[in-house]
Amino acid sequence: MDGCGGYDGETLRAVVRVCEGASPAEVLDGAPARAWVDFDAGVRALDDRPWLLPRAPEEPVRPARTLLDRLRGTAPSRTAHRPPPPPPAIALCHADGRVREAALEEARTAPELRPLLVVRCSDWADPVRERSRVLLAELPGSALLPLAELILLLSRRTRGGFARSLLERALREGPAVDVVALMAHQDRATYRLAYRIAVERGLLTPAELATTAATCGDVTLQELCAEAAVAALTATDGEAGQAAVLGRLLTARAARVRSAGVTALRRAGRHGEAEPFLADRSAVVRACSRYVLRQGGIDPLPLYRALCAEPAAHPGAAAGLGECGERATDTGTLWALVEHPLPAVRVCAITGLRALEAVVRERLTSSLDDPSPAVVRAATRALLPEAAGIPETLLRERTAPDRPRAVRVAAERLLRAAGRALPG
């Protein structure tokens, strides 16, 4: 089956309903694309469950295949009664490739059978597969749009790339409205493909790209649209248009989008506007900010030192100072901030000490008892390389049930890092 296919009781019931005369569209209406793949497998599963199939009153019960039948590759003995031909949808999924191939002509003129035509394009039998591809290629590009989710699902198969190529060509060469329609599709693979082609065709304005990057929860789309928005920034009309695009990127919740916006400040010649992002909560954004400032001839280190003088207003500055500071000069500042009353500052100060490689085990161990779980986690990460040097009794005391959960988890993690057995 090359993956992406199976069947369950619901699938078998759907197959039986089609055998009884229901149309596939009626049975699978509203079902996800995978239901067609399961239907294909379910038809062949019924070969071993003949008692489920409908039969005329005068037709004798068809005996099930025995193990000997399976080994010989033969069917069990039957009466001379000739069963009626299966419905086209069933024939398209038949175990016999000759039956599947003969049923393909029905799919040429029956839109409701087109999903099964797509399934047959990855068929394991060469004649069936090749004929299916010829018939699918004869369809207009617009006919492939309702099949997009199924086409992309089947493209994971070894022989599933043909239909995907047809779909991509239809989207690249067809009306823009078709691409826009698929951008609103619920299937992730489908809307990602539509967005990628929309970007290639230039169907979205920089403002639309920036808005999508800033508001979409899909990581792949965030990166795709943010990069495209930055690349199209020079084509944005006027400074006001550029400012709107940059503003949307710079205020995004996702760090990868903010970093793209910060990097775009260099392209726009607005290097100084990267300064507020020196204290961003994301290390990637902070790094991009330092890069842009240096490209504009601005040294970020003095700015970090000034920001650390007001740590409550800029907690992330402590982490940034450790990322570009000097051990001899800035270590004292960071150790002082480890005692700051604001937990966010304490976390960033410990992060800065790690970046500066200035962690002192004896001084930081007390932070394992910090009332803030975030500080405890930051201290644990910083102490992991020094776990073997922490007294075992100190860690075991912190695994007691009456200790806060964050403290217990930290102690157990450090015990494992030191190669010591956990209590209990």
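Structure summary
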| quantity | calculated |
| --- | --- |
| Where ASP38, ASP330 fall by accessible area, highest first, once all protein chains stay in place (1.4 Å) | ASP38, ASP330 |
| Cα-centre dipole for the stretch 299-424 with unit charges at Cβ (Lys and Arg positive, Asp and Glu negative), debye to 20 | 540 |
| Derived scalar couplings ³J(HN,Hα) [the stretch 141-149; Karplus, 6.51 cos²θ - 1.76 cosθ + 1.60; whole Hz; x for Gly, Pro] | x, 5, 6, 7, 4, x, 9, 4, 4 |
| Inter-part distance where the stretch 300-349 and the stretch 215-287 are each reduced to a Cα centre, Å | 25 |
| Extension gain (nm, one decimal) between ALA207 and ALA231, 0.36 nm per residue minus Cα-Cα | 7.4 nm |
| Neighbour net charge for ASP280 - beta-carbon separation under 10 angstrom, K R +1, D E -1 | +3 |
| Student exercise, the chain dipole from Lys, Arg, Asp, Glu Cβ charges, in Debye to nearest 20 | 900 |
| Dimensions in Å of the stretch 117-261 - Rg and Dmax from alpha carbons | 18.0, 60 |
| Angle in degrees between helix 255-267 and the longest Cα principal axis of the chain, rounded to the nearest 10 | 70 |
| The stretch 318-368: GluC sites (Glu not before Pro) in DSSP loop, at most 15 other beta carbons within 10 Å | GLU326, GLU339, GLU357 |
| Relative contact order (percent, whole number), the chain, Cα cutoff 8 Å, 6+ residue spacing | 6 |
| Sum of -39500 (n - 2.57) over DSSP H runs of 4+, divided by residues of the chain (222 nm, nearest 500) | -17000 deg cm²/dmol |
| Net charge, GLY316 excluded, C-beta distance under 9 Å - Lys, Arg +1, Asp, Glu -1 | +1 |
| Per-residue HN-Hα couplings for the stretch 117-123 [Karplus 6.51, -1.76, 1.60; θ = phi - 60°; Hz; x = Gly/Pro] | 5, 5, 4, 6, 5, 10, 4 |
| Segment ALA400-GLU10, length gained on full extension (0.36 nm per residue, minus Cα span) | 135.3 nm |
| Projected label distance in nm at ASP369 and GLU106, using a 7 Å step from Cα toward the beta-carbon | 7.8 |
| Contour excess over end-to-end distance, with Cα ends at ASP126 and LEU384 and 0.36 nm allotted per residue | 87.1 nm |
| Candidate residues THR380, THR205, THR351: accessible-area rank, largest first, probe 1.4 Å | THR205, THR351, THR380 |
| Backbone HN-Hα couplings from phi across the stretch 32-42 [Karplus 6.51/-1.76/1.60, Hz, Gly and Pro as x] | x, 4, 4, 4, 5, 5, 5, 4, 4, 5, x |
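The values are calculated or read from the model by the stated rules, or taken from the named source; none is laboratory data. Quick caveat: nothing in here was measured; it's all calculated off a predicted structure. Positions of Cβ are generated from backbone atoms using ideal geometry, with glycine treated the same way; all protein chains shown enter the neighbour counts. Ligands, DNA and RNA are stripped out before the accessible areas are found, and what is left, the full protein with its side chains, is counted by its heavy atoms. Shrake-Rupley method; radii C 1.70, N 1.55, O 1.52, S 1.80 Å.
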